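**Q** Pasting in a structure now, in structure tokens, and then I'll have a few things to ask.
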Amino acid sequence: MPQSTATVAPRPRGTSGSPPGGSEFAPLLRAVKGQGLMDRRHGWYARAIAVNALALAGVVTAVALSGDSWRTLLLAPLLAVFSARTAFIGHDAGHAQITGDKAAGRAIGLVHGNLLLGMSYSWWNHKHHRHHANPNHIDKDPDVAADVLVFTGEQAKGRTGFRRWLTRHQAWLFFPLTLLEGVALKVQGFRDLRRQAPGERAEEGALLVGHLAAYATLLLTTMSPGRALAFAVIHQALFGLHLGMAFAPNHKGMEMPDPDGESWGHLRRQVLTSRNVRGGILTDWFLGGLNYQIEHHLFPSMPRPHLRLAQPLVRAHCRDLGIPYTETGLVDSYRQALSHMHEVGEPLRAAR
């Protein structure tokens with residue numbers, strides 16, 4: 001099993017180690033810009049969007065032509081894979097990686113999020129940008145707020161009833177719970193409509209309802225209700241699992257800033273809380289470029305194909321400053337993330 005690597009031994013959680021003055025990030029930013037890595041890749045994204053659209057259209061056509069047969073269910077995993085690709089495009093649009101034109105970026109996000117997936121683009125951006133601003137910060141990052149899962153011993157202390165049972169076993173339950181993520185994302189999108197301004201609410205709501213209507217029409221007009229339900233369950237469960245497998249390695253088990261301690265600079269705040277995943281073209285494709293999580297957090301608007309090109313610059317810069325740069329294999333990234341969740345639940349198991 002591959003082991004994680006870092007330039008220096010990790011420091012205790014909640015310490016800063018930042019220099020007394022100056023910016024550690026500015027020289028790296030200049031180097032990255034100097035190599036043109038912040039320049040948009042319109043052609044690359046145009047091809048990616050076109051290929052994904054053709055793949056989705058091909059799967060939908062195959063579902064329609066296969067008709068009322070149990071064999072049609074074999075297409076559900078394929079649709080889940082390309083649904084995840086669609087989500088990655090929506091994610092990139094939300095970070096302005098595809099285009100600097102806000103209206104065009106929003107249009108791409110609405111199509112790939114609301115219309116094609118039934119996920120609210122506005123809700124995702126509102127939540128995700130708060131995560132990027134303060135990753136793994138227990139008071140500011142919505143991704144580590146106590147909910148179904150908890151990420152600190154302090155959060156675990158307050159668990160009671162069924163949630164206490166969940167926390168005791170959360171490491172074992174993590175991937176099974178991601179099977180519900182596809183549906184949960186849709187529900188959160190509808191709930192968020194109350195927060196949105198009237199015009200935005202009408203636009204997003206219409207697209208969300210349009211997705212559900214089109215999805216239900218496709219399944220119910222091509223197969224019996226029982227098979228349609230089975231197809232939807234398989235598709236949504238595997239879609240959620242795929243997203244969970246892409247997001248799980250990124251921050252779980254990494255440094256968590258001390259809310260009461262001194263603040264980190266941008267470089268340390270993003271590098272120390274993030275974990276990269278080693279791999280080749282297949283890993284890049286499967287994880288939608290999120291395996292370069294450190295580079296993505298340092299440069300959120302950097303186009304996806306440039307992340308791997310920026311990695312040597314970032315790694316060398318961290319090495320020069322003595323900042324841990326964590327990178328591991330895919331399987332070991334899951335082991336580290338699940339080990340952290342298992343450790344958080346240990347006091348509750350011991351209390352029994």
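**Q** Identify all residues within the stretch 108-118 that are touching a Leu at 6+ places or on another chain (Cβ under 9 Å) and buried (at least 23 other Cβ atoms within 10 Å of the Cβ); write none if there are none.
**A** Once the filter is applied, which keeps residues that are touching a Leu at 6+ places or on another chain (Cβ under 9 Å) and buried (at least 23 other Cβ atoms within 10 Å of the Cβ), the stretch 108-118 yields Gly113, Asn114, Leu117, Gly118.
**Q** Do you know which residues across the stretch 131-151 are closer than 19 Å to Leu348 by Cβ and loosely packed, with under 14 Cβ neighbours inside 10 Å?
**A** Passing the criteria: Ala145, Asp147, Val148.
**Q** Given the criteria assigned to a loop (DSSP other than H, G, I, E, B) and out of contact with any helix residue (DSSP H, G or I) (no Cβ under 6 Å at 6 or more places or on another chain), does Ser274 qualify?
**A** Answer is no for this residue.
**Q** Here's something else I'd like to know. Mind listing whichever residues of the stretch 107-163 are of a type in the set (Ser, Thr, Tyr) and either within 23 Å of Val60 (Cα to Cα) or part of a loop (DSSP other than H, G, I, E, B) (or both)?
**A** Ser120, Tyr121, Thr152, Thr160
**Q** Among (1) more than 21 Å from Leu78 (Cα to Cα); (2) under 19 Å from the mean Cα position of the chain (by Cα); (3) part of a helix (DSSP H, G or I), there is one condition Gly210 misses while meeting the rest; what is its number?
**A** Of (1) more than 21 Å from Leu78 (Cα to Cα); (2) under 19 Å from the mean Cα position of the chain (by Cα); (3) part of a helix (DSSP H, G or I), only one is false for Gly210: (2).
**Q** Of the residues that make up the stretch 291-313, is at least one assigned to a loop (DSSP other than H, G, I, E, B), of a type in the set (Ser, Thr, Tyr) and either farther than 24 Å from Leu338 by Cβ or at pLDDT below 95 (or both)?
**A** Yes; the residues of the stretch 291-313 include at least one that is assigned to a loop (DSSP other than H, G, I, E, B), of a type in the set (Ser, Thr, Tyr) and either farther than 24 Å from Leu338 by Cβ or at pLDDT below 95 (or both).
**Q** Can you work out which of the residues in the stretch 315-352 that are aliphatic (A, V, I, L, M) and closer than 22 Å to Ala248 by Cβ is surrounded by the fewest Cβ atoms within 10 Å (Cβ to Cβ)?
**A** Val331
**Q** Another one. Considering each of Ala213, Ala171, Ala197, Ala202 in turn, give the residue that is in contact with a helix residue (DSSP H, G or I) (Cβ under 9 Å, 6 or more places away or on another chain) and either closer than 20 Å to His242 by Cβ or among the hydrophobic types (A, V, I, L, M, F, W, C) (or both).
**A** Just one listed residue meets the conditions, Ala171.
**Q** Select from the stretch 53-100 the residues that are under 22 Å from the mean Cα position of the chain (by Cα), over 17 Å from Pro303 (Cα atoms) and not aliphatic (A, V, I, L, M) and write down the one among them that is surrounded by the fewest Cβ atoms within 10 Å (Cβ to Cβ).
**A** Pro77
**Q** Inside the stretch 218-268, can you point out the residues that are of a type in the set (Lys, Arg), within 23 Å of the chain's Cα centre (by Cα) and more than 19 Å from Leu149 (Cβ to Cβ)?
**A** Arg268 - this is the single residue of the stretch 218-268 that is of a type in the set (Lys, Arg), within 23 Å of the chain's Cα centre (by Cα) and more than 19 Å from Leu149 (Cβ to Cβ).
**Q** Out of the residues in the stretch 165-193 that are charged (D, E, K, R) and buried (at least 17 other Cβ atoms within 10 Å of the Cβ), which is nearest to Glu343 (Cα to Cα)?
**A** By that ranking, first place goes to Arg168.
The values are calculated or read from the model by the stated rules, or taken from the named source; none is laboratory data. Since the structure is predicted, the reported quantities are computational estimates derived from the model, not experimental observations. Counting neighbours? That spans all protein chains shown, and the Cβs are built from the backbone with ideal geometry, glycine included.
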